[in-house]
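Notes to accompany the following structure.
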Amino acid sequence: MSTGLLVAVGAVGFEAALLQAAAGPQFHVVRRCVDVPDLVATAASRQATAALVSAQLRGLDSEIVARLREEGVAVIGVTPESSSADEAVLRRLGVDQILSADDMGSFADAVAAAQHRATSPSPDSGPSRDRHGSGAPGDAAQEPGGGQVIAVWGPTGAPGRSVLSLCLAAELAASGTATLLVDADVYGGAVAAMLGLLDESSGLLAAARAANSGALRPDGLAGHAREVNATLRVLTGIPRADRWTELTAPLLRNVVETARRLCAFTVLDCGFSLELDEEVSYDTAAPRRNGATLEALSEADTLVVVGGADPVSLSRLIRGLNDLSESLPGLTPYVVVNRVRGSLGWSEDEIAATVTRATGVSSIRMLPDDPAACDKALVHGRTLTECAPEAKITKAVRAMAADLAGLTAPARRPTGPRLGRLRRR
Ligand SMILES: Nc1ncnc2c1ncn2[C@@H]1O[C@H](COP(=O)(O)OP(=O)(O)OP(=O)(O)O)[C@@H](O)[C@H]1O
Ligand SMILES: [Mg+2]
């Protein structure tokens, strides 16, 4: 069967040679697309299984490349000559099959290789790759980083995801390893306000924009983050909840992969919802509000799930753990019950037994209720580690950080670079 092709190369001198190479019986050109909207619309019609693009196509970015893949269209980047600057640009956008215009004899092989890649799962594909397609930007261009990623998630009802994320990141950093906290809550960021970083443009959205143009590097990511102290950086979150569309799953994945190369630890403060929007909208190509959350959870080496200790919060935690095992099967969460207090009338053992009975999770960490310390940190815009280092909540999170550092890096303690010349601005 002949392969349907889309040709969208913009104003380049080699289009005629490309069309000539595509003229054989194995191929037929479905459409010469004039621009990116034309390309995306034709891809959605599912008449073509491969697209030939060039770095000169205005508006081509990593999201478009990911979108084409989600439509089942393999992407081949065409460059004027081999090893050109255009090739580097295309690779950064996530195009890993490159065809040089001075080697049109390889045309059929390049299309076949791209199609093979598009249909065979990558060796490291986890649940998120399967769910969101294999089109995350920068896959081919980036060396994998050695940093560990810890995602902090919890159900609705403000169980303490942000307090725990910030304190955990601060404690990991206090042990001397470079740590980045990413406020990845798609329902609106809180970490900037917790640190008194008001009127701040979003570091995460700036990093996502750089990722989308294929230009995100570890030093650039560091530039988008705020320095809290010598080893702790913070990527501030979405300033208004309605800007979630700017944080798609492939872009967050690129930010996280880049963070792995920047810091020994990356902590992700995640939004609460796991619902996939397409389950209710039927529009699989529409942006997914919770796509970034699911991406964060499945990218993580360690998934911390936090819930409150009161009866309502505990039942939400149990339901959340069950939802999680349906959405992302195979993950083993590190479960934390927060705000444990005597006035509830339950011992820690009773709380743990309740969670274990309902979810099968046997190892559960308790964090004490400590409103005085939490309020002090909030009011001063500082981390608990800085302003209440001996508080019971801080000590409990410190023990948890030591535990996680051992869990996430069993072979060796991470020795990520210390951040140079850093002070809170
Ligand atoms: N261990 C604790 N002791 C006392 N107060 C706590 C504790 N943990 C969290 N809190 C308080 O609970 C409130 C909610 O915490 P936090 O903002 O971390 O929740 P969240 O899960 O991130 O909520 P959101 O849905 O708003 O993102 C805050 O006022 C915080 O100070
Ligand atoms: Mg929060």
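The values are calculated or read from the model by the stated rules, or taken from the named source; none is laboratory data. Here the structure is a predicted model, which is why all the values come from computation and not from measurement. Please note: Cβ atoms are built from the backbone with ideal geometry, for glycine as well, and neighbour counts cover all protein chains shown. Surface areas here come from the heavy atoms of the whole protein model, side chains and all, with no ligands, DNA or RNA. Shrake-Rupley method; radii C 1.70, N 1.55, O 1.52, S 1.80 Å.
Just a few scattered comments:
- Residues (surrounded by fewer than 24 Cβ atoms within 10 Å (Cβ to Cβ) and either in a strand (DSSP E or B) or within 13 Å of ligand 1 (Cβ to nearest atom) (or both)) located in segment 142-159: V149, T156, G157, A158
- Candidates S82, S62: the one that is touching a residue at least 40 places away in the same chain (Cβ under 8 Å) and of a type in the set (G, A, S) is S62.
- Selected residue (only one of L367, L378 is near ligand 1 (Cβ under 8 Å from one of its atoms) and outside any helix (DSSP H, G or I)): L367
- Qualifying position, being surrounded by fewer than 18 Cβ atoms within 10 Å (Cβ to Cβ) and without any contact (Cβ under 8 Å) to a residue 24 or more places away in the chain, among A17, A23, A44: A23
- Filtered residues of segment 43-60 (kept if assigned to a loop (DSSP other than H, G, I, E, B), over 19 Å from D86 (Cβ atoms) and not basic (K, R)): S45, Q47, A48, T49
- Residues of segment 216-238 classified as farther than 12 Å from L180 by Cβ, among the hydrophobic types (A, V, I, L, M, F, W, C) and over 16 Å from the mean Cα position of the chain (by Cα), total: 1
- Selection count where residues are in contact with a strand residue (DSSP E or B) (Cβ under 6 Å, 6 or more places away or on another chain), polar (S, T, N, Q) and surrounded by fewer than 18 Cβ atoms within 10 Å (Cβ to Cβ), scope segment 306-355: 0
- Scanning segment 385-425 for residues that are modelled with pLDDT under 50 and touching a strand residue (DSSP E or B) at 6+ places or on another chain (Cβ under 7 Å) yields A409, P414, L419, L422, R423, R424, R425.
- Matching residues, segment 172-207, being within 14 Å of ligand 1 (Cβ to nearest atom) and over 24 Å from S298 (Cβ atoms): A192, A193, M194, L195
- If you go through segment 61-77 and keep only what is surrounded by 21 or more Cβ atoms within 10 Å (Cβ to Cβ) and part of a loop (DSSP other than H, G, I, E, B), you end up with just V73.
- Pairs where the first residue, in segment 387-399, is assigned by TED's automatic domain parsing to the domain that holds P368 and the second is open to solvent by 50 Å² or more (accessible area, probe 1.4 Å), C-beta under 7 Å, 6+ apart: C387/K376; C387/H380; A388/K376
- Listed by position, the helices (runs of 4 or more DSSP H) contained in segment 160-260 that have at least 1 residues being over 24 Å from R398 (Cα atoms), without any contact (Cβ under 8 Å) to a residue 60 or more places away in the chain and open to solvent by 10 Å² or more (accessible area, probe 1.4 Å) are 203-212, 218-224.
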